[in-house]
Amino acid sequence: MALAGVRVVELAGLAPAPFCGMILADFGARVIRVDRTKVAMTVDTQARGKRSVALNLKNPKSVAVLKRLCPVRCGSGALS
């Protein structure tokens with residue numbers, strides 16, 4: 001697979017992001033979709049090949065989980 005070893009964190013939203021995440025998963029990327037909590041769940045036809053976690057980003061513990069999903073590289077302090 002062309003994207004084996006690549007991790008993509010997709011924040012749930014509209015239009016191109018879910019479709020793009022599905023295509024990246026088709027090419028071997030590990031796609032983790034972050035959904036909102038307390039939202040009616042529907043059948044998502046673009047969830048193929050993705051893992052999903054529901055986080056309330058107003059909760060500091062959930063923000064900490066999201067930060068662990070997005071490791072900082074090359075000494076960047078972008079998520080500090």
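The values are calculated or read from the model by the stated rules, or taken from the named source; none is laboratory data. Everything numeric in this text was worked out from a predicted model, so none of it was measured. Heads up, the Cβs are rebuilt from the backbone with ideal geometry, glycines too, and the neighbour counts pull from every protein chain shown. Only protein heavy atoms, including side chains, enter the accessible area calculation; ligands, DNA and RNA are left aside. Shrake-Rupley method; radii C 1.70, N 1.55, O 1.52, S 1.80 Å.
Per atom type, the stretch 7-69 shows carbon and sulfur on 62% of its accessible surface, probed at 1.4 Å. Of the residues Ala12, Val53, Leu24, the one whose Cα sits farthest toward the positive end of the charge dipole of the stretch 7-69, with +1 on the Cβ of Lys and Arg and -1 on the Cβ of Asp and Glu, is Val53. Estimated at 0.36 nm per residue, the fully extended path between Leu57 and Arg7 surpasses their Cα-Cα distance by 16.0 nm.
Please give the residues of the stretch 1-33, grouped as numeric ranges, whose backbone N is less than 13 Å from a label point set 7 Å along the Cα-to-Cβ vector of Thr45. From the stretch 1-33, the list is 19.
Straight-distance candidates among the aspartates and glutamates for linking to Lys67, with alpha-carbon spacing under 17 Å and chain neighbours fewer than 8 residues away dropped: Glu10, Asp35. Does the stretch 7-69 come out rounded, prolate or oblate by the C-alpha gyration tensor, with a ≥ b ≥ c the root eigenvalues, rounded set by a/c under 1.5 and, if not, prolate when a/b is larger than b/c and oblate if not? Here the stretch 7-69 falls in the oblate category.
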